[in-house]
Amino acid sequence: MSATNAPTAAARLVAPSAVAFSAVELAAAVARFREPVHVVQHASGAPGVAFGGSLGTGNAGYAWLATLPPLYPEWLGDRAFLEIHGVRFPYVSGSMANGIATTGLVTAMAKAQMLGFFGAAGLAPDRVEKALDEIAGAVGPRVAWGSNLIHSPNEPDLEDSIVDLYLRRGVLRVDASAYMNLTPAVVRYACTGLVRDPQGAVGRTHRILAKISRPEVARRFLSPAPGEILEALVARGQLSAEQADLARRVPLAEDITVESDSGGHTDNRPLGALFPTIAALRDALARQHGYTQPIRLGAAGGLGTPGAVAAAFALGAAYVMTGSVNQAAVESGLSADGRRMLAEADVADVTMAPAADMFELGVKLQVLRRGTLFATRATRLYEAYVTHDSLESLPRDTRERLESEVFRAPLATIWDETRRFWEARDPRELQRAERDGKHRMALVFRWYLGKSSRWAIAGDTNRRMDYQIWCGPAMGAFNAWAAGSFLADPEARNAVQIARNLLEGAAVVSRAQQLRTAGVPVPAAAFDYRPRVLG
């Protein structure tokens, strides 16, 4: 809250155009958040709000307490984020893997002056390159957008090839996700193009929005790039000595997305506990390294309602990033069948299941539980993997159940298909599988985990009970909020309307809270913004 004038004991608001003291009037006043609003006091001592009028002295009008300036959805976050990325709104659509965050979704967000990331994870480089062509052709060279870079500990060459592609094609932003440790690929992307500006500051060509959910991972992105990685990149001719020197003066990323209880890879941490922890770490490292440019923290996970978005901004988020709710949008790459399933989810209809890309490490991700048995079946596969050393060592009854209920084919048939896949993608995996029966078992089990997400994308109803749909509790909260509105219909859920309504609602909630902290008895109804079609 800010006052336009220093309050005095005699300050009065004279001839306001509207005054509100009752609960109904106050709720209506909150909705006028784009206008300056005065906090006033009735002769009876009751606080209220007013619009218009002028400040004066004497006995006329109402006792004036404070004035709140206009509030816009565009201003909820950090304006530096808007300026640096060239967007109007502090809102980002996340990079849902396997192309679920489609080129159409990214294009729609870009045209609405928001930042969207293509879901490149899980796709071959040629498919990613085609997507980059589609986006660039649709939005032009000056509109902000980006693509995903996912940590690929099992396929470092793939991660390198995606970075090669991004550097070659001039992709200026990446959403870096699922990183546990820094890799040469992500460091190369961030540090390529570092320059010294005329004032001596370090300028960036490429920007990373690093998605993190643990302080130890955040520390790596908040610190300068490791010297040993920089030296190795210089030795290989992938980074200049000057760029490596500049990289030692700045954090690897200036935008950190604090990811709480989300769909997909998640540690299920509440944002209220995680965000302040990362903020304190950010501030400590900024002091330690003497950074001259601020580091922005965004928020992700659990953001399915205006109240949740407003809470994220209240914590200090420079921007918000959404995922699950965009997966339910018509621009999503998920099938119509899968989107209808998401539209029926409640907040408790999610669970954790083994992740395909980090199966052997025991990493889990959050998925939809309602209407699918994927999580149960995937967990059964991981338990078999941990318990046994090879496919051949599986007990007969276990093998038969897996073949009949999970794979719907003999394991030998699944292995043949798996072998053909890795012959084309990375033959070294097959060489390792020949030496290590446990690894061969992991590859076979990962066949199911990989296929299950693609069945959901394709809408293969014969495999509906095996759909792997990444989903956090935000989806259920969104459904409850959207009930009875135009957004209740899955076919009416377009990503821009979802984003605009969440931001509009967050501004309403923020204004209601501002007035409440000023002593105005704002009714609970004022916090309940309902979805509406926004132009």
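The values are calculated or read from the model by the stated rules, or taken from the named source; none is laboratory data. Worth saying up front: this structure is predicted, and the values here are computed from it rather than measured. Heads up, the Cβs are rebuilt from the backbone with ideal geometry, glycines too, and the neighbour counts pull from every protein chain shown.
Sub-9 Å Cβ pairs linking a first residue in the stretch 199-211 that is within 27 Å of Met180 (Cβ to Cβ) to a second residue that is part of a loop (DSSP other than H, G, I, E, B) and among the aromatic types (Phe, Trp, Tyr), at least 6 apart or interchain, are Leu209/Tyr319; Ala210/Tyr179; Lys211/Tyr179, ordered by first then second residue. The combined condition, being buried (at least 16 other Cβ atoms within 10 Å of the Cβ) and either on the phi > 0 side of the Ramachandran plot or touching an Asp or Glu at 6+ places or on another chain (Cβ under 8 Å) (or both), is not fulfilled by Ser177.
Residue by residue, here is whether (1) among the aromatic types (Phe, Trp, Tyr); (2) touching a residue at least 60 places away in the same chain (Cβ under 8 Å) holds:
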position	(1), (2)
Tyr62	yes, no
Ala66	no, yes
Gly77	no, yes
His85	no, yes
Phe89	yes, yes
Met96	no, yes
Ala101	no, yes
Leu105	no, yes
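Residues in the stretch 336-389 that are part of a loop (DSSP other than H, G, I, E, B), more than 16 Å from Leu449 (Cα to Cα) and of a type outside the set (A, V, I, L, M): Glu344, Asp346, Asp349, Arg370, Gly371, His388, Asp389.
I want to confirm something. Restricting to the stretch 181-201 and keeping residues that are modelled with pLDDT of 95 or more and among the hydrophobic types (A, V, I, L, M, F, W, C), which single residue is farthest from the chain's Cα centre (by Cα)? For the stretch 181-201, the residue satisfying everything is Val195.
Suppose the filter is part of a helix (DSSP H, G or I) and touching a residue at least 60 places away in the same chain (Cβ under 8 Å); does Ala190 pass it? Show your work before the answer.
Working: part of a helix (DSSP H, G or I): yes; touching a residue at least 60 places away in the same chain (Cβ under 8 Å): yes.
In short, yes.
For the stretch 264-301, how many residues are of a type in the set (Val, Ile, Thr) and closer than 17 Å to Ala318 by Cβ?
3
Filtering Leu222, Leu246 for residues that are in contact (Cβ under 8 Å) with a residue 12 or more places away in the chain, of a type outside the set (Ser, Thr, Tyr), crowded, with 24+ Cβ neighbours inside 10 Å and farther than 22 Å from Leu503 by Cα leaves a single hit, Leu222. Of all residues in the stretch 279-308, those satisfying the criterion of being among the hydrophobic types (A, V, I, L, M, F, W, C), in contact with a Ser or Thr (Cβ under 9 Å, 6 or more places away or on another chain) and surrounded by 19 or more Cβ atoms within 10 Å (Cβ to Cβ) are Leu297, Ala299, Ala300, Leu303.
If you take the residues in the stretch 66-116 that are among the β-branched types (Val, Ile, Thr) and assigned to a loop (DSSP other than H, G, I, E, B), which one is farthest from Gly263 (Cα to Cα)? The residue in question is Val87.
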